1. Report, ordered by the first and then the second residue, all pairs with beta carbons closer than 7 Å, sequence separation of six or more or different chains, a first member in the stretch 141-169 that is within 11 Å of F64 (Cα to Cα), and a second member that is at pLDDT below 80 and not hydrophobic (A, V, I, L, M, F, W, C).
2. Report yes if some residue within the stretch 235-249 is among the β-branched types (V, I, T), exposed (fewer than 14 other Cβ atoms within 10 Å of the Cβ), part of a helix (DSSP H, G or I) and at pLDDT below 75; otherwise report no.
3. Looking at the stretch 432-479, which of its residues are assigned to a helix (DSSP H, G or I) and out of contact with any strand residue (DSSP E or B) (no Cβ under 7 Å at 6 or more places or on another chain)?
4. Consider the stretch 174-198. How many of its residues are assigned to a loop (DSSP other than H, G, I, E, B) and surrounded by 20 or more Cβ atoms within 10 Å (Cβ to Cβ)?
5. I'm checking my understanding of the structure. Among residues of the stretch 22-56 that are crowded, with 16+ Cβ neighbours inside 10 Å and farther than 19 Å from V90 by Cβ, which one is modelled with the highest pLDDT?
6. Check off (1) over 20 Å from L348 (Cβ atoms); (2) within 43 Å of the chain's Cα centre (by Cα) for V441 and give me the number that stays unchecked.
7. Let me confirm something: among V270, V223, V216, V212, which residue is under 29 Å from V138 (Cα atoms), modelled with pLDDT under 80, in contact with a Leu (Cβ under 7 Å, 6 or more places away or on another chain) and of a type in the set (A, V, I, L, M, F, W, C)?
8. What about S478, is it buried (at least 20 other Cβ atoms within 10 Å of the Cβ), closer than 16 Å to V351 by Cβ and in contact with a Leu (Cβ under 7 Å, 6 or more places away or on another chain)?
Amino acid sequence: MSPGDSITGATAVRLLARPDQQRNFDVPVPPPERILWTFFGAIGIGSTAAAVGAYYVTLAVARFPPEALAFFVAALSASVGLSIVAMYAVHRRSSDQLRAWLAHQSGHLALPAWYQALNYSIRISIAVGVAAVVISAVVAVSTALYAESALLGLHIAVGGLLAAILDSIFAWLFTDHSMRPILQAVAAKNPMLPVSGAGIVSLGLGTKMAIVIVGVSVVGSVVVGTLAFRGAAAAVESGRIEGLALEIFGVTLAGLVVSLSGCLLVARQVTGPLEELTTMLAELIPERYSTRALPIDSDEAGQLMAAVNHMLGGLEEREFIKDAFSRYVTRQVRDAVLQGGINLGGELLDVTILMSDIFDFTPMTERLTPRQLVKLLNRYFGEMVEECLEHGGLIDKFIGDAIMVVFGAPVRLPPEVSALRAARAALGMKRRLAALNEALVAEGMPALRTGTGVHSGEAIAGNIGAVQRLDYTVIGDSVNLTARIESATRTVNHDLLISEQTRALLGDWAIVGEMLEVQLKGKSAPTRIFPLLGLREDKLRDPPPLDGSGAS
């Protein structure tokens, strides 16, 4: 054994496998063709809007000369066709990395691909709107020149502008809805992906609602007002006004349906994530800290889901630390440390230290294979650690085949309580070793012999080490003396020895053998030690509680 072989409890915690916070949810990944069909859907909406605009201009507002109407339809069709080609180029550029990821469905996702998924609906809708405005301007100017009518060109421009607004809004609503399966699949691979910041086009909920409500309402109002005026003028000219009210009602109802449908789609974007969060948080328990929301929007709802994911990550991390810490200290010590109730700086404490070592371990390593040796040590340490933790011990460190346990730190305990717990743990370790040896011999493995030393005294407890690595441990003469007492078990033919100080703290509780005086290394005078044979548990009318709140 050497100091270089030391593995402290804190180090062992860091060596535990940390579960990956990037949870893989069971969300199917759509094929890359999903983006192509989304694009065609947006183009279909744009074509429909162009047709609505053409209808509005040709039948409801403008008066076309016969030859100009044919020119208008031809110019509109040609412009729409060219715009589709340009839009396809925008689609390819706005989704190249995302389509590549969807095609391979690899676990790693580059941030640009995620940005493309988040920004696709906004970019396509903007491109659709800009294309519609350009088409309207080109068709309006060319038709006005062809028909030599500036008024006709103005009507076409107004109608095209209204169609462009509707086109852009509903193309955005459609692509946003169509892209959700892709966004969910991508977010499921890594729910901690960013939903705001550089590279992400963010529209707040208020902006989205304003765009839909104002845009659709303005278009609806203009269309309804124009059609109503046109119908009223026609009714007055014909002298038949009986159906005018019904016609106005029908046009108004159609406008309301369009406005309401857009508002409901935007509202669903808000209520959907909030319902998901509400359900998830209502069922949140420590066992479900690994669950994650799937933020798929860059608005406030998506940012809230991202914030909840970060919160869950912190809770999961804390729960993991608690679980790992519980492997080395008692629940009371763990909770006190995590709640900040313990001074982790240097402090002088009255503690009882237990050290235990395996006899003839080096020859054993020559007879066993590395796999057998590791398995044997793990079984041995598993039994010893469990016994010490049952009595409130802090597993300070493993040194090769030796173990060092501290009682009374970091949580302060009365010295009598620390000594009693250490004695109980030492005797319990002997019983567990006897049972383990029976199983080992039955399996053809060598039996283990150990020596254990227990000493009580003052020690400095705190974080010891360098800035790069600190370990909570105890140091001082008491630690060195405990190691010497443990070494003495090899020469006095007793496997469990306690110091005179521990014997005094145990008082009538201890059943000990004849006092021994041994010359320990580094000590000028002989040291008195006692073999610990057992404890008189009948002397303990009220055993000390594990939290150290009192002594018997």
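1. Filtered contacts from the stretch 141-169: A147/P65.
2. Yes, the stretch 235-249 contains at least one residue that is among the β-branched types (V, I, T), exposed (fewer than 14 other Cβ atoms within 10 Å of the Cβ), part of a helix (DSSP H, G or I) and at pLDDT below 75.
3. R432, A434, A435, L436, N437, E438, A439, L440, V441, A442, D477
4. The initial filter retains those residues of the stretch 174-198 that are assigned to a loop (DSSP other than H, G, I, E, B), namely 179, 190-198.
Checking which are surrounded by 20 or more Cβ atoms within 10 Å (Cβ to Cβ) leaves us with 179, 191, 193, 195.
Counting residues in the stretch 174-198 that are assigned to a loop (DSSP other than H, G, I, E, B) and surrounded by 20 or more Cβ atoms within 10 Å (Cβ to Cβ) gives 4.
5. P30
6. V441 satisfies every listed condition except (2).
7. V223
8. In short, no.
The values are calculated or read from the model by the stated rules, or taken from the named source; none is laboratory data. Predicted model, so just to flag it, every value in this text is computed and none were measured. Virtual Cβ from ideal backbone geometry, glycine too; neighbours counted across all protein chains shown.
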